[in-house]
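As structure tokens, the structure follows; a few thoughts come after it.
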Amino acid sequence: MYEHLHISELQHKIAAFEDQQAYKELFVRLQPRLLQFALSICHSREAAEEVVSDVFVRVWLKRKTLDHIQ
């Protein structure tokens, strides 16, 4: 349903409407690349997964500010 939306549109839906489907779509799109990036730094899958998980928790906690990110 949200596969066609641009990242900025997902951000807006999350910020304005606390849209959990948009958040899930953002996760699906960004998690693999963030995990690879974290792995390149941490060199531990467990640590990298924890870092990425923390990022997404923080995104949800700060969701009201997502509209201000460009």
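From its DSSP helices (H runs of at least four residues, each -39,500 (n - 2.57)), the chain gives a residue-normalised ellipticity at 222 nm of -24500 deg cm²/dmol. The average projected area of the chain, computed from the convex hull of its Cα atoms over all directions, is 4.7 nm². Shown is the FRET efficiency for residue 4 and residue 44, computed with R0 = 30 Å from the Cβ-Cβ distance and rounded to the nearest 0.05: 0.25.
No lab work stands behind these numbers, since they all come straight from the coordinates. Quick caveat: nothing in here was measured; it's all calculated off a predicted structure. Neighbour counts run over all protein chains shown; Cβ positions are idealised from the backbone, glycine included.
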